[in-house]
Amino acid sequence: MNTVQLEKAKHDRNRFDCGITPLNNYLKVMASQQAKKDNTRTFVLEDKQCPEHIIGYYTLTMTPIDIQDLPPKLQKKHYNVTSGGLIARLAVDHRYKGQGFGEWLLIDALRKLLMASETVAFPVVIVDAKDGAESFYEKYGFTAFKDADNKLFITIADIRASIGELI
């Protein structure tokens, strides 16, 4: 399996339905516009039988972070940090749920962010978990921010330790 950047002319964005309207609408309306503006990059996993069908997608960008939101140990270590990587969206079409594609997309996104951090350093990856997806991310080592249960983070060091050798 391999993800590719979303291609407006190739991928059938209107067919995609993960069951969460804002995630569907972002892919249909905003993803290509945001990529053109160099604000985000959206990657899709294509169905091998029909490459225009999107199994799932994720969107990556950078985000400002408030160092005070991190645990004290990380605050001390990264006292001058102002930004982190962001998995802005991650969704799987309902026709493909339960087949491990969400996990695969998350690991692929983390690999890309780990590689990016080797060029432009940042210490954490953040995710805004939509509609109760916190437990999904926690299974992979993400920790909730102090005052926001649906906003989670994982350190680049932890990503490197768990999947770095797979890159």
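Readers should treat all values here as calculations from the given coordinates under stated rules, not as data from a laboratory. Quick caveat: nothing in here was measured; it's all calculated off a predicted structure. Because the Cβ atoms are built from the backbone with ideal geometry, glycine has one as well, and the counts that use them run over all protein chains shown.
Data overview
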item: For Lys130, Lys112, Lys146, order by how many other beta-carbon atoms lie within 10 Å, fewest first; result: Lys146, Lys130, Lys112
item: Nearest-ten-degree value, helix 101-119 long axis tilted from longest Cα axis of the chain; result: 50
item: Across Lys37/Lys76; Lys73/Lys151; Lys8/Lys97; Lys36/Lys112, pairs whose alpha-carbon gap is larger than 30 Å; result: Lys37/Lys76
item: Footprinting exposure proxy for Met1, Met30 (fewest neighbouring C-beta atoms within 10 Å first); result: Met1, Met30
item: Rg over Rh [alpha-carbon atoms, Kirkwood Rh] for segment 55-100; result: 1.22
item: Value of Rg to Rh for segment 3-166 (Rh from inverse mean 1/r over Cα pairs, i.e. Kirkwood); result: 0.97
item: Quotient of Cα Rg and 2.2 N^0.38 Å for segment 78-165, N being how many residues it contains; result: 1.09
item: Magnitude of the charge dipole, the chain, Cβ model with Lys/Arg +1 and Asp/Glu -1, debye to 20; result: 280
item: GNM top mover of Thr61, Thr40, Thr82 - the chain, alpha-carbon springs below 10 Å; result: Thr82
